[in-house]
Amino acid sequence: VTGAADHHGASEQLAAYALGALPAEEGAQLREHLEGCRKCRAELASLRTAVDALPASVPQIEPRPALKESVMAIVESEAALLRAAGETADVPERRERRRRWWSEVSLARPRARLAAAFAVAAITALVLVLPGGGSATRTIQAQVSGPARAAGARVSLQLRGSRAQLVVNGLPAPGANRVDELWVKHGSSAPLPAGTFVVGTGSVVVTRPVRMGDAVLVTVEPGGGSSAPTTVPFIVANA
Amino acid sequence: MATHRRSHAGSGEPGLRQLGDEDLMQLVAGGDARAFEVIYERHCTAVFSLAYRICGVRAAAEEVAQEAFLAIWRSGARYDRTRGSVRTWLLGVVHNRAIDSLRRSTAHDRLRVADEQAAERLEAPERTEVEVARRDEARSMRAVVGTLPRDQRRVVELAYFGGFTQEQIAEMLDAPLGTVKGRMRLALEKLRAALEPKEAIP
């Protein structure tokens, strides 16, 4: 049962909430109150009609055609992957290998080898550059192949100069006492560790500079990370 | 779901263009890139304009617009038509992402952007009837916002376009928190009242 004082306090927060101006904790508290308070829900819905109209008040500016090209290139490639995924639904679990894979698998022609070694859930290598301004962020779609847990993941690399971050979406945790580890591979030299992470959705900073032609890789490693990869990378992004 | 028939014709396909956003979103949920393209074309100006108004920088606005469109493409199945129009949903996503992007920048940048009105000069040329209608809508909405007392307009702009919390706004304006809350509420109530008799653009 919600007291009148609680209701009054919540009601006072509604406008700020509708405008997105409540800090996270206060927003969570208000949502709790809203669940049990029909009056506040109705008031919020009514205030939201005003907020929803605010975008219509801004000067209307057409985006450049390059934006559409960039968005549609990703959409087309993912639509193609969806069609392909419909045909090979079940992805078997990858077996870990502990050989120095980088000495035997050339990153320049990874597709045939990776495809042979694992069921490839999704391969797309797409470099998209939004033109305009030297400091623009470059977004590179990463290739994601087995294990099965990565099948639904979407991963891209964002580059601004030599600073990079990996943007991960829908990647389940690697399991108990395991981490995902980032590597930067320059030419034919061994990959250098560039941070570990356990994140389902979010962005991860690559702790080493990434230059044109480098590859950013992700492997599963024992908790704490490794100094050299002990498994085959399942995420590859070629900068 | 894999049996859904997809159209591979060019973007000029008249069949899809005649569909409403809600029906297009059902096709998008099934992975139809052509249906998504129609959604893109219909809303890209509104999306970019909002992102630009908040970010104040073209490169950042393009990034936000791209992220928002891709989020819509990837989560098409989550669109719930009982909770508002596709446009409102899409602009909500843009708003969240633009504010996130803004909050990563410095407070100084954010203030500058929240105050910026210079974007007016960059307005796109009018092309179609719908765009003319949207432009008129934007003008009349700006006029409506312009009728708010300055104090009320300012708190709405700082919150919605500047991404500041009510506490931050109170501090910036050196006003009691209760006053800021009151101004936000009055502003939204006035806007809502001003909107009621208006007819929506299809």
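Only residues that are under 21 Å from A:T139 (Cα atoms) and small (G, A, S) were counted across the range A:199-229, and they come to 5. Scanning the range B:45-81 for residues that are among the aliphatic types (A, V, I, L, M) and over 14 Å from the mean Cα position of the chain (by Cα) turns up B:V57, B:A59, B:A60, B:L70, B:A71, B:A77.
Residue-level check: of (1) within 27 Å of B:V145 (Cα to Cα); (2) surrounded by 14 or more Cβ atoms within 10 Å (Cβ to Cβ), A:Q29 misses just (1). Looking at the range B:13-34, which of its residues are among the aliphatic types (A, V, I, L, M) and more than 10 Å from every other protein chain (Cβ to nearest Cβ)? Answer for the range B:13-34, where residues must be among the aliphatic types (A, V, I, L, M) and more than 10 Å from every other protein chain (Cβ to nearest Cβ): B:L16, B:L19, B:L24, B:M25, B:L27, B:A29.
From the list B:E63, B:E37, the one residue that fits, being facing another protein chain (nearest Cβ under 9 Å), crowded, with 20+ Cβ neighbours inside 10 Å and at pLDDT below 95, is B:E63. Pairs linking a residue in the range B:148-174 that is without any contact (Cβ under 8 Å) to a residue 24 or more places away in the chain and of a type in the set (S, T, Y) to a residue that is surrounded by 15 or more Cβ atoms within 10 Å (Cβ to Cβ) and in a loop (DSSP other than H, G, I, E, B), with Cβ atoms under 6 Å and 6 or more positions apart or on different chains, are B:T165/A:A21. Taking the numbered list (1) outside any strand (DSSP E or B); (2) in contact (Cβ under 8 Å) with a residue 12 or more places away in the chain in turn, A:L182 passes all entries but (1). Can you name the residue in the range B:188-202 that is at the interface with chain A (Cβ under 8 Å from one of its Cβ atoms) and free of Cβ contacts under 8 Å to residues at least 40 places away in the same chain and is also nearest to B:G56 (Cα to Cα) among such residues? Out of the qualifying residues, it is B:L188.
Of all residues in the range B:12-34, those satisfying the criterion of being of a type in the set (D, E, K, R), over 17 Å from B:E131 (Cα atoms) and crowded, with 17+ Cβ neighbours inside 10 Å are B:D32, B:R34.
Checking the conditions here, which among A:G36, A:G20 is farther than 29 Å from B:A71 by Cβ and at pLDDT 90 or above? From the options A:G36, A:G20, the qualifying one is A:G36. Among the residues of the range B:116-174, those identified as modelled with pLDDT of 90 or more, basic (K, R) and under 23 Å from B:V57 (Cα atoms) are B:R153, B:R154.
Checking each residue in the range A:170-198 for being surrounded by fewer than 21 Cβ atoms within 10 Å (Cβ to Cβ), under 18 Å from the mean Cα position of the chain (by Cα) and more than 15 Å from A:F234 (Cβ to Cβ) picks out only A:G195. Take the range A:137-169 and flag every residue that is surrounded by 18 or more Cβ atoms within 10 Å (Cβ to Cβ) and more than 16 Å from the chain's Cα centre (by Cα). If the condition is that a residue be surrounded by 18 or more Cβ atoms within 10 Å (Cβ to Cβ) and more than 16 Å from the chain's Cα centre (by Cα), then A:G146, A:P147 are the ones that fit. Screening the range B:73-91 for residues that are modelled with pLDDT under 90 and assigned to a helix (DSSP H, G or I) and picking the one that is surrounded by the fewest Cβ atoms within 10 Å (Cβ to Cβ) gives B:T82. Considered as a group, the residues in the range B:162-177 that are within 8 Å of another protein chain (Cβ to nearest Cβ) and of a type outside the set (D, E, K, R) include one that is nearest to A:V58 (Cα to Cα), and that residue is B:G163. Of all residues in the range A:5-28, exactly one satisfies the criterion of being more than 27 Å from the chain's Cα centre (by Cα), farther than 15 Å from B:K181 by Cβ and free of Cβ contacts under 8 Å to residues at least 12 places away in the same chain, namely A:A5. Highlighted here are the helices (runs of 4 or more DSSP H) found entirely within the range A:1-74 that include at least 2 residues which are in contact with a Lys or Arg (Cβ under 6 Å, 6 or more places away or on another chain), aliphatic (A, V, I, L, M) and within 7 Å of chain B (Cβ to nearest Cβ): A:4-18. Restricting the range B:77-88 to residues that are in contact (Cβ under 8 Å) with a residue 12 or more places away in the chain and not hydroxyl-bearing (S, T, Y) leaves a set whose member that is farthest from A:A42 (Cα to Cα) is B:A77.
The values are calculated or read from the model by the stated rules, or taken from the named source; none is laboratory data. Every value quoted in this text rests on a predicted model; they were computed, and no experiment measured them. Here the Cβ is made from the backbone with ideal geometry for all residues, glycine too, and neighbour counts use every protein chain on show.
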